[in-house]
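Following: one structure in structure tokens, then a few remarks.
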Amino acid sequence: MDKHRGPYRALNRQVGRALVKYRMIAAGDRILVGLSGGKDSITLLYTLLERRARTPVAYDILPVHIDPGFEGGCAEALRERCRQLGTDLRVEYTDYGPQGHHATNRENPCFLCSRLRRNRLFEIARETGCRKVALGHTRDDIIETFFMNICFAGETSTMLPAQPLFNGRLTVIRPLAFVDEDLIHRFVNRMGFTPFDNPCPSATRSSRSEIKALLRQLYRRNPKVKGNIFRAMGRVRMDYMLKP
């Protein structure tokens, strides 16, 4: 623990805040953890495993990776990393990536691929008796989604830290909701968790990448901007919003 005491202490504290505030995990839960191969999801898995080992709240964890079907995927390497963490990974091989990038769907390949992968996670959760699905979205992701929905969907909304679906039969939880990406960068570097390369051809030219670059400029100018945006999403003054 010593080699990651600094970043992990802060990370664990922020995860603990989110878990308590939104009552994300209860004794006896069976939780599907979605793993992409990136730094956020492996940090999420590590944190949930580490907390389970030292807290009185008992819960089961099922890590799942949906392989989108691009050449150069990370499924087997990710499976080995999970073994090193003391858990088994379920891998679903699909063709969702090529489907999303088919010539008939050039306008928005990310939307289709993402929706198919998410739906398959929900199906696996139902098949395996998991009432909760944990995803590695961070505070940065929640802010970026807020701006993406404003700019590209014409609505004011974002991802919720805890989001009941299907009349409460399933709940998506985001334990990293209060965690900044910078902290995760520091943690994975200290732990030696090198993120796997993303083989998706749209990885660096998506709408999210554009929003991320825009926000990065704002954060550089004023370090208080990120916190202000995050707090603003919970302080909506409806009297000063346009009526539907």
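The values are calculated or read from the model by the stated rules, or taken from the named source; none is laboratory data. The structure displayed is predicted, hence computed values, not measured ones. Cβ placement follows ideal geometry from the backbone for every residue including glycine, while neighbour counts extend to all protein chains displayed.
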Give the residue, chosen from N189, N149, N167, N198, that is surrounded by fewer than 18 Cβ atoms within 10 Å (Cβ to Cβ) and touching a helix residue (DSSP H, G or I) at 6+ places or on another chain (Cβ under 9 Å).
N189
Among the residues of region 106-126 satisfying the criterion of being at pLDDT below 95 and of a type in the set (D, E, K, R), which is surrounded by the fewest Cβ atoms within 10 Å (Cβ to Cβ)?
E107
Give the residue, chosen from K212, K243, that is at pLDDT below 95 and under 18 Å from the mean Cα position of the chain (by Cα).
K212
G129 vs (1) surrounded by fewer than 14 Cβ atoms within 10 Å (Cβ to Cβ); (2) small (G, A, S); (3) under 28 Å from K224 (Cα atoms): all pass except (3)
Based on what the data block shows, is L78 modelled with pLDDT under 95, under 19 Å from the mean Cα position of the chain (by Cα) and crowded, with 19+ Cβ neighbours inside 10 Å?
yes
Report, by residue number, each residue of region 45-78 that is closer than 19 Å to C130 by Cβ and free of Cβ contacts under 8 Å to residues at least 24 places away in the same chain.
R52
Mind checking which pairs have a first residue in region 111-137 that is of a type in the set (S, T, Y) and a second that is modelled with pLDDT under 95 and buried (at least 16 other Cβ atoms within 10 Å of the Cβ), Cβ under 9 Å, 6 or more apart or different chains?
S114/Y96; S114/G100
Quick test for you: out of Y59, Y96, pick the one residue that is over 19 Å from H185 (Cα atoms), of a type in the set (F, W, Y) and at pLDDT 95 or above.
Y59
Can you tell me which residue within region 15-64, out of those that are crowded, with 17+ Cβ neighbours inside 10 Å and of a type in the set (S, T, N, Q), is nearest to the chain's Cα centre (by Cα)?
S41
